[in-house]
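Student: Let me begin by handing over the structure; questions about it come next.
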Amino acid sequence: MSQRPPSLATPGHGTPPRTDFVRPIALTTLLVCMAMIVWFLLQALVAWPIGASQPWQMLVELAEESGWPPSLRWMLAHPVATSLLLGAACVPSLVSSWGLYKGTRWGLLSFVWLLVITGIGNIGVAWWMDRVAAVLIGMLGEADVVEALNAQRILFTATVLGSCVLFAVLQGWLAWRLMRPDIRSRY
C-alpha cells in the first residue's frame with residue numbers, strides 16, 4: 001500500500017489569499033500625516049514671533065495696499081492660524097490611516113473617501129495657485145516681464161495640474177482597489 005506523504009501546506013478555508021499591501025500604505029500615510037502635523041505645529045510656533053514683527057507687518061500692509069488676492073492677504077495677516085489650519089487638515093487623514101492600519105471598516109471607508117476628496121482637492125489647490133500667480137504677475141505692469149512670467153506660470157501650472165491629475169488617477173485606482181471584495185472582506 002502506498003500512501004501520499006503528508007503535505008506541509010495549510011488547507012484553504014475558502015478565504016482569499018491575504019494581500020498585505022494595505023498595512024504598509026496605512027502605516028506610511030499615518031507616519032507622513034504625523035510628520036506633517038508636527039511640521040505645521042512647529043511652523044506655527046516659528047510664525048508666531050515672525051508674524052508679530054515689524055517687517056512682517058509691513059509686508060501685510062503692502063499686500064493690502066497693492067490689492068493682492070484676498071486669500072493670500074488673509075494668510076499673510078494670520079500666519080499662525082494658517083499653519084494651524086493646515087495642520088488640522090491633516091488630522092482626518094491621520095485618524096483614517098490609523099483606522100485602516102488597525103483594520104477597522106470605518107478606517108477603510110474613510111480612507112477611500114479621503115483618497116477621492118484629496119484627489120479632487122489637489123486640483124483645486126493647483127487652480128488657486130495659478131489664479132494667485134496670475135493676479136500677482138498682472139500687477140507688475142511691464143509688458144515684456146508680464147509676458148515672460150505668464151509663460152512660466154502657464155508651464156508651471158501645466159506641470160502641477162498634470163501631476164495632480166496623475167496622482168488623482170493613482171488615488172482613484174487605489175480607492176477602487178481597496179473597495180474590491182478581497183480587501184473589503186477583511187474589514
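The values are calculated or read from the model by the stated rules, or taken from the named source; none is laboratory data. Computed from a predicted model, the values in this text were never measured in an experiment. FYI the Cβ positions are ideal-geometry reconstructions off the backbone, even for glycines, and counts take in every protein chain you see. Accessible surface areas use protein heavy atoms only, side chains included; no ligands, DNA or RNA. Shrake-Rupley method; radii C 1.70, N 1.55, O 1.52, S 1.80 Å.
Student: Using helices alone, what [θ] at 222 nm do you get for the chain, with -39,500 (n - 2.57) per DSSP H run of 4 or more residues, divided over all residues and rounded to the nearest 500? Write out the running numbers ahead of the final one.
Tutor: Values: 7 runs with 149 residues, N = 187.
When only DSSP H runs of four or more count, the value is -27500 deg cm²/dmol.
Student: May I pose another question? Might you report the magnitude of the Cβ-based charge dipole of the range 129-187 about its Cα centre, with Lys and Arg at +1 and Asp and Glu at -1, to the nearest 20 debye?
Tutor: Approximately 700 debye in magnitude.
Student: Leaving out ligands, DNA and RNA, and with a 1.4 Å probe, what % of the accessible surface on the range 12-132 is carbon or sulfur?
Tutor: Carbon with sulfur: 76 percent of the solvent-accessible area.
Student: Okay, next question. Once you put a point 7 Å from the Cα of Trp176 and another 7 Å from the Cα of Trp128, both along the Cβ direction, what distance in nm separates them?
Tutor: Those two pseudo-labels are separated by 2.9 nm.
Student: Could you size up the charge dipole of the range 71-187 around its Cα centre, putting +1 on the beta carbon of Lys and Arg and -1 on that of Asp and Glu, and report it in debye to the nearest 20?
Tutor: 840 debye
Student: When ligands, DNA and RNA are left out and all protein chains stay put, how many square angstrom of accessible area per residue does the chain have with a 1.4 Å probe?
Tutor: On a per-residue basis, 67 Å².
Student: Once Lys and Arg get +1 and Asp and Glu get -1 on their Cβ, which of Leu62, Ala175, Gly87 lies farthest toward the positive end of the dipole of the range 31-187?
Tutor: Ala175
Student: Further question: With a ≥ b ≥ c taken as the square roots of the eigenvalues of the C-alpha gyration tensor of the range 35-136, please select rounded if a/c is under 1.5 and otherwise prolate if a/b is larger than b/c or oblate if it is not?
Tutor: oblate
Student: Also, I was wondering about something else. Which residues does a label at Val32 reach in the range 162-187, if reach means a backbone N under 16 Å from a point 7 Å past the Cα toward the Cβ?
Tutor: Residues 163-176, 178 fall inside that zone.
Student: Ok, one more. Applying a 10 Å radius around every beta-carbon, put 109-118, 31-40 in order of their mean neighbour count, most first.
Tutor: 109-118, 31-40
Student: I would also like to ask the following. Please give the length that would be gained between His78 and Leu136 if that part of the chain were fully extended, namely 0.36 nm times their separation in residues minus their C-alpha to C-alpha distance (nm, one decimal). Walk me through the numbers before you get to the answer.
Tutor: Details: separation 58, 0.36 × 58 = 20.88 nm, distance 1.95 nm.
Result for the pair: 18.9 nm of gain on full extension.
Student: Then there's this: Lys/Arg Cβ at +1, Asp/Glu Cβ at -1, dipole of the range 99-187 taken about the Cα centre: which of Met139, Tyr101, Leu155 is farthest positive-ward?
Tutor: It is Tyr101.
Student: Would you look at the GNM of the chain, springs on alpha carbons closer than 10 Å, and say which of Gly141, Gly172, Gly121 moves the most?
Tutor: Most flexible of the set in this elastic network: Gly141.
Student: On to the next question. If I model a spin label as a point 7 Å beyond the Cα along the Cα-Cβ vector, how far apart are those points for Phe156 and Lys102 in nm?
Tutor: Reported label-point gap for Phe156 and Lys102 is 4.2 nm.
Student: A further question on this structure: Stretched out fully, how many nm does the piece from Leu41 to Ile183 gain, at 0.36 nm a residue minus the Cα gap?
Tutor: Gain on extension, Leu41 to Ile183, equals 47.6 nm.
Student: Among all helices in the chain defined by DSSP H, which have a length of 20 Å or more along the axis from Cα atoms plus a Kyte-Doolittle mean of at least 1.0?
Tutor: Those that clear 20 Å and a mean of 1.0 are 22-52, 79-101, 105-138, 143-178.
Student: Also: Glu147 accessible area, nearest 10 Å², 1.4 Å probe?
Tutor: It works out to around 140 Å².
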